[in-house]
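The values are calculated or read from the model by the stated rules, or taken from the named source; none is laboratory data. Model, not experiment: these values are computed from the prediction. Cβ placement follows ideal geometry from the backbone for every residue including glycine, while neighbour counts extend to all protein chains displayed.
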Amino acid sequence: MSTEQLKTEAERPVAFTVNGQAWRGWVEVRRTLADVLREEVGLLGTHVGCEHGVCGACTVLVNGQAVRSCLMLAVQADGCEILTVEGLSESTERLHPLQESFWDHHALQCGFCTPGVLLSAYALLQENPQPTLEDIHEWLSGNVCRCTGYQNIVEAISDAASRLSAEKGGR
Amino acid sequence: MAQAPRFTGQRIRRVEDPRFLTGRGRYLADLEPLGTLAVAFLRSPHAHARIRRLDVTPALQVSGVAAVVTGADLTEANIYCAGLGGQPYPPLAVDEVLYVGHPLVAVVARSRAQAEDAIDAVVVEYEPLPAVVDPVEALAEGAPRVFSQAESNLCFHLEHTPEGLDALFAEAACVVRGTFRHQRQTAVPMETRGILAQYEPVSSRLQVYASSQWGHGLRDGLAKALGLPQSKVQVTLPDVGGGFGAKYGVYPEDVVVAWLALKLGRPVKWVSDRLEAMVSDFHARDSIHIAEGAFAKDGTFLAIRDHMISPAGAYLLDGSAAVLETVIASLVLPGPYKVQAVGFRIDGALTNTTPLGTYRGVWGPAATWVQESLMERAASELGLDRVQMRLHNMVRKEEFPYASCTGVVYDPGSYQESLQTAMEAIDYPGFLKRQREARAQGRYLGLGIAAFVEPTSLGAWQPEPPTVPYESAVVRMEPGGEVVVQVSVNSHGQGHETTIAQLVADALSVDIGKVTVRFGDTAAAPYGGGTFGSRSITVGGGAALEAAGRLRDKILAIGAHLLEAAPEDVELRDGTVAVKGVPARSLSLAEIGRVAHWVPAKMPSGMEMGLEASSRYVPPPITFSNGCHAAEVEVDPKTGRVRIQRYVVVEDCGVMVNPTIVEGQIIGGVAQGVGAAFLEELGYGEDGQPWATTLMDYHLPSVTDVPRVECLHLETPSAVPGGMKGMGESAMVASPAALVLAVEDALSPLGVRFERMPLTPERVWQAMTATRS
Ligand code: FES
Ligand code: FES
């Protein structure tokens, strides 16, 4: 069998929901979720910094869990619900409190790690709405940022947690 | 006169952030013109080998493959890269591979996966040759040579023994010595390198997009390599995900991709993966300093001798650390101290390792470590207090401008004040007490001090400067009153869209929302040296301020003419030109814009239409920022692990345009310093195999490794318009020294001295065990 045939046979139909929208298509089984999100779905906010599961730049939420999309095959996401950075807010004008807080605290410089860090932080706050600084440190240890030295990221997450719980309390 | 600044000096949120926060930043990998082909490189698994057979025909059979190129193809096409001084070297290996990661074949295919499939199909037979990794061994008689035709591996040598140096050492009351080996590192921006090139038939030019710190340099380099006029190459920089020196220059992959785009007439793109980045991005640092310092009885620092040896890798590149780190070190080794003579010898050796280039703080981490270690060792030998001894030797306020014995001139700074401020913040007397108490309990507490100078904002620092000595800005007011600033420097995280807008908004008394800063396209941005060496806000910002000042004068002249007032009687105020003291007599900038662009009859006679001004600003040769880091650590004697308890930075970078951004640079720089001091090392086995080729074995600092950094500021304005000084590298320069010295201080009861970084728990534990037995 030629490589060509092998590859065609190695394609599978995949369907998932991204940021609330349904997506379906044929996907080579060897392709990662990160690549399919970027190249097929067209969501370029998910970044690839290492492709071997260390940097966390590719973090997205799959069924509510923070996942390294470079380590997950797209076919494994069949039937799943995915959240990427593009799904955090409706527009650049209406930011999610986490994004707003990152902006206020200068928690980003080059912005390359930022989508992954935001998604990790989002998952943390889902699980633990009032994390201590230690909780944040521990949770974030899987995201590498080469620019900021993390301090402002930690402060931003902590502040966002307070804002979110104040919002909830106010309601 | 304009109003008092509304934006400069303020902690303004960054203008560029919303796009990054919402996943709308656009980096190189995100660009994909229709029909783009992907490139993958075959890289050598050997440190040194002859290519006995290279057969690419099986690769051509792989589905989707459009072309396969070898070193021989490029030689035939006369395509070369330029090393130091323009010395040509082949972009793909020919006949021999010289280091692990050395590219020898490029494949172009419909997708990257197909290109990688084809790479696997290439047949290569290697005949391994002896490799040399260590620079001292490389320079020894009979060492294997990287280039068999060459007489030796020595690729760079410089030495200088000033008159009187030997006498100063002979008369010194105390001479301290040490060997200091700064390990090999690499910058690791989170976005890897990448380039996309396409031939544009309409304008008959090569359009290049690249993740780079210097668009014009890449343009000039590609034009030279490909034999094209500079006007036929356009480089556009998208958002750049960090650079730290690793994206400054022209890499072999850039030349190959651009050449392929011309040859194939299709868009061709290469994005480095992390594994190849670890062996193909510039490696950095990697120098041995064998240094000695001469001191008088009262602690006066008399002289330094330093023999620097560095393994340049297989090629001596333009920005090679073997040259830049060492030569700059020879100029700034005294740091903030007055020294009467500095003697040095530099030996650069070719080795079978990835070529060295630049990484944030070129010269600094090693030189500051040497300088501060000599000071510490002398203080302990002479029985003097290390803070007092530093103060005694520092250049004093009244001594500026201070001509160093090395030939550089220090502009005014706050050397003693920054040390004093840092010691107050860290509570030096209190620390000494805590340290004594801890020792009594068998605990190891240490304080490391690193006072530093940072030479920034290079201008014409040599008669024929090796770097572009100026930056440019064009400031334009559109008919509607909005302001567009084009600058030659570009951002890869530094926030130029915000800081330069802050400066220009104040210069023109408009709201910052009216100012847009643009950069990164050689077809639109004026020429300049790009972003390196802590100079964007000083040289680029200086140019923007000068240009904005010229535009302001023109606006005032037009306004005065229209208001029938003398130019000195009008002022800019909140988006208007108004007669001083008569706010009712004013014109909006939109009105001035309308006249300047549409109504020649209303313009002052002889004045050119339009509202645009430019500047090419040449700063003073070097602008020095300064400061002091103080680190308090505790060492766990059981594991050798170091905990950073407190970290204080005092920074004097002149006038701060945006203190939040300044602090961001400091905190990020300290984190990278933690990496240098404790974690990161690109080691090689004797066979030339690299030990760290993934982020699993190259340990970048994570959130749990870095301290909370307390930032304090002093402000000694510079001579640059606006009074700013560069500061992007200072924290990287000072922090490794502060951290290593803190550990040595903690272990001083054991007399431990470290000869090499990083201080991994294993190395610390071993050093402790060795002295105990
Ligand atoms: S790209 Fe997935 S963890 Fe780095
Ligand atoms: S902001 Fe650049 S890597 Fe995090």
With B:Thr406, B:Thr421 as the choices, which residue is among the β-branched types (Val, Ile, Thr), touching a residue at least 60 places away in the same chain (Cβ under 8 Å) and not in a helix (DSSP H, G or I)? B:Thr406
Inspect all residues belonging to region A:133-143 and state whether any of them is crowded, with 18+ Cβ neighbours inside 10 Å, closer than 18 Å to A:Ala66 by Cβ, among the aliphatic types (A, V, I, L, M) and facing chain B (nearest Cβ under 10 Å). yes
It is to be established whether one or more residues within region B:20-40 are over 24 Å from A:Leu88 (Cβ atoms), in a loop (DSSP other than H, G, I, E, B), in the same structural domain as B:Gly101 (by TED's automatic domain parsing) and in contact with an Asp or Glu (Cβ under 7 Å, 6 or more places away or on another chain). no
Does B:Gly142 satisfy the criteria of being over 32 Å from the mean Cα position of the chain (by Cα), within 30 Å of A:Leu44 (Cβ to Cβ) and surrounded by fewer than 23 Cβ atoms within 10 Å (Cβ to Cβ)? no
Among the strands (runs of 3 or more DSSP E) contained in region B:253-328, which hold 2 or more residues that are of a type in the set (D, E, K, R)? B:283-295, B:301-313
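Residue-by-condition table, conditions (1) of a type in the set (Ser, Thr, Tyr); (2) modelled with pLDDT of 95 or more; (3) within 15 Å of B:Val650 (Cα to Cα):
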residue: B:Ala378; (1), (2), (3): no, yes, no
residue: B:His392; (1), (2), (3): no, yes, no
residue: B:Val395; (1), (2), (3): no, yes, no
residue: B:Tyr402; (1), (2), (3): yes, yes, no
residue: B:Val408; (1), (2), (3): no, yes, no
residue: B:Ser414; (1), (2), (3): yes, yes, yes
residue: B:Glu417; (1), (2), (3): no, yes, yes
residue: B:Ala422; (1), (2), (3): no, yes, yes
residue: B:Asp427; (1), (2), (3): no, yes, yes
Could you say whether any residue in region A:92-112 is farther than 27 Å from B:Gln672 by Cα and in contact (Cβ under 8 Å) with a residue 60 or more places away in the chain? yes
Within region B:660-694, restricting attention to residues that are within 14 Å of chain A (Cβ to nearest Cβ) and in a loop (DSSP other than H, G, I, E, B), which residue is surrounded by the most Cβ atoms within 10 Å (Cβ to Cβ)? B:Glu680
When you go through (1) within 15 Å of ligand 2 (Cβ to nearest atom); (2) crowded, with 19+ Cβ neighbours inside 10 Å; (3) over 20 Å from B:Thr22 (Cβ atoms) one by one for A:Ile157, which number turns out not to apply? (3)
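Tell me yes or no: at least one residue of region B:267-283 is in contact with a Phe, Trp or Tyr (Cβ under 6 Å, 6 or more places away or on another chain) and not β-branched (Val, Ile, Thr). Outline the logic, then answer.
Applying the first criterion (in contact with a Phe, Trp or Tyr (Cβ under 6 Å, 6 or more places away or on another chain)) to region B:267-283 yields none.
The answer is no, given that none of the residues of region B:267-283 is in contact with a Phe, Trp or Tyr (Cβ under 6 Å, 6 or more places away or on another chain) and not β-branched (Val, Ile, Thr).
From B:Ala525, B:Ala543, which residue is touching an Asp or Glu at 6+ places or on another chain (Cβ under 7 Å) and buried (at least 24 other Cβ atoms within 10 Å of the Cβ)? Steps first, answer last, please.
Working: B:Ala525 fails: touching an Asp or Glu at 6+ places or on another chain (Cβ under 7 Å).
The match here is B:Ala543.
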In region B:728-773, how many are out of contact with any helix residue (DSSP H, G or I) (no Cβ under 9 Å at 6 or more places or on another chain), of a type in the set (S, T, N, Q) and within 23 Å of B:Leu682 (Cα to Cα)? 1
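With respect to B:Val657, determine if the residue is buried (at least 23 other Cβ atoms within 10 Å of the Cβ), more than 14 Å from chain A (Cβ to nearest Cβ) and either in contact (Cβ under 8 Å) with a residue 60 or more places away in the chain or part of a loop (DSSP other than H, G, I, E, B) (or both). Full working, then the answer.
Details: buried (at least 23 other Cβ atoms within 10 Å of the Cβ): yes; more than 14 Å from chain A (Cβ to nearest Cβ): no; either in contact (Cβ under 8 Å) with a residue 60 or more places away in the chain or part of a loop (DSSP other than H, G, I, E, B) (or both): yes.
No, not satisfied.
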Sole exception among (1) closer than 29 Å to A:Ser158 by Cα; (2) more than 9 Å from every other protein chain (Cβ to nearest Cβ); (3) away from ligand 1 (no atom under 16 Å from the Cβ) for A:Val67, by number: (3)
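Filtering region A:39-61 down to residues that are within 13 Å of ligand 1 (Cβ to nearest atom) and more than 8 Å from every other protein chain (Cβ to nearest Cβ), which residue is surrounded by the fewest Cβ atoms within 10 Å (Cβ to Cβ)? Let's see the steps before the verdict.
Start the filter on region A:39-61 by keeping residues that are within 13 Å of ligand 1 (Cβ to nearest atom), which leaves A:46-60.
From what's left, more than 8 Å from every other protein chain (Cβ to nearest Cβ): A:53, A:56, A:58-60.
Details: A:Gly53: 15, A:Gly56: 26, A:Cys58: 28, A:Thr59: 28, A:Val60: 29.
That would be A:Gly53.
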B:Gln645 versus (1) away from chain A (no Cβ under 14 Å); (2) not in a strand (DSSP E or B): which is the lone unmet condition? (2)
By residue number, the members of region B:68-89 that are surrounded by 19 or more Cβ atoms within 10 Å (Cβ to Cβ) and either in contact (Cβ under 8 Å) with a residue 40 or more places away in the chain or more than 28 Å from B:Ala223 (Cα to Cα) (or both) are B:Val68, B:Val69, B:Leu74, B:Ile79, B:Cys81, B:Leu84
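Do we find that A:Cys110 is within 16 Å of ligand 1 (Cβ to nearest atom), more than 15 Å from the chain's Cα centre (by Cα) and either among the polar types (S, T, N, Q) or at pLDDT 95 or above (or both) in this structure? Break it down into steps so the answer makes sense when it comes.
On the way: within 16 Å of ligand 1 (Cβ to nearest atom): yes; more than 15 Å from the chain's Cα centre (by Cα): yes; either among the polar types (S, T, N, Q) or at pLDDT 95 or above (or both): yes.
Considered against the rule, which asks whether it is within 16 Å of ligand 1 (Cβ to nearest atom), more than 15 Å from the chain's Cα centre (by Cα) and either among the polar types (S, T, N, Q) or at pLDDT 95 or above (or both), A:Cys110 comes out as yes.
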Which of the residues spanning region B:739-773 are crowded, with 19+ Cβ neighbours inside 10 Å, under 20 Å from B:Met375 (Cα atoms) and not hydrophobic (A, V, I, L, M, F, W, C)? B:Glu744, B:Asp745
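Filtering region A:129-149 down to residues that are within 13 Å of ligand 2 (Cβ to nearest atom) and in contact with a strand residue (DSSP E or B) (Cβ under 9 Å, 6 or more places away or on another chain), which residue is nearest to A:Leu108 (Cα to Cα)? Don't jump to the end; show me each part of the working.
Taking region A:129-149 and keeping what is within 13 Å of ligand 2 (Cβ to nearest atom), we get A:140, A:143-149.
Now drop any that are not in contact with a strand residue (DSSP E or B) (Cβ under 9 Å, 6 or more places away or on another chain), which leaves A:143, A:149.
Values: A:Asn143: 13, A:Gly149: 10 Å.
Checking each candidate, the answer is A:Gly149.
Of the residues B:Gly627, B:Gly581, which is surrounded by 15 or more Cβ atoms within 10 Å (Cβ to Cβ) and either in contact with a helix residue (DSSP H, G or I) (Cβ under 8 Å, 6 or more places away or on another chain) or at pLDDT below 95 (or both)? So that I can check it myself, show each step before the final result.
Details: B:Gly581 fails: surrounded by 15 or more Cβ atoms within 10 Å (Cβ to Cβ).
Answer to the check: B:Gly627.
Regarding region A:114-128, can at least one residue be identified that is touching a strand residue (DSSP E or B) at 6+ places or on another chain (Cβ under 6 Å), over 30 Å from B:Gln114 (Cα atoms), assigned by TED's automatic domain parsing to the domain that holds A:Ile157 and within 15 Å of ligand 2 (Cβ to nearest atom)? Steps first, please.
First pass over region A:114-128, keeping only residues touching a strand residue (DSSP E or B) at 6+ places or on another chain (Cβ under 6 Å): A:116, A:119-120, A:123.
Cutting the leftovers down to over 30 Å from B:Gln114 (Cα atoms) gives us A:119-120, A:123.
Among the residues that remain, those that are also assigned by TED's automatic domain parsing to the domain that holds A:Ile157 are: A:119-120, A:123.
Then drop every residue that is not within 15 Å of ligand 2 (Cβ to nearest atom), which leaves A:119-120.
The answer is yes; a qualifying residue exists.
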Please go through region B:1-25 and give me each residue that is surrounded by fewer than 21 Cβ atoms within 10 Å (Cβ to Cβ) and within 7 Å of chain A (Cβ to nearest Cβ), ordered by number. B:Arg13, B:Pro18, B:Arg19, B:Arg24
Index of the failed condition, A:Thr92 passing every other in (1) facing chain B (nearest Cβ under 8 Å); (2) in contact with a helix residue (DSSP H, G or I) (Cβ under 8 Å, 6 or more places away or on another chain); (3) at pLDDT 95 or above: (3)
Any idea which of (1) more than 14 Å from chain A (Cβ to nearest Cβ); (2) under 24 Å from B:Val489 (Cα atoms) is the one B:Gly178 doesn't satisfy? (2)
If you scan region A:19-28, which residues turn out to be more than 12 Å from chain B (Cβ to nearest Cβ) and touching a residue at least 40 places away in the same chain (Cβ under 8 Å)? A:Gly20, A:Val27
Could you list, in sequence order, the residues of region B:499-545 that are assigned to a loop (DSSP other than H, G, I, E, B) and either under 27 Å from B:Ala4 (Cβ atoms) or basic (Lys, Arg) (or both)? B:Leu508, B:Ser509, B:Val510, B:Asp511, B:Arg535
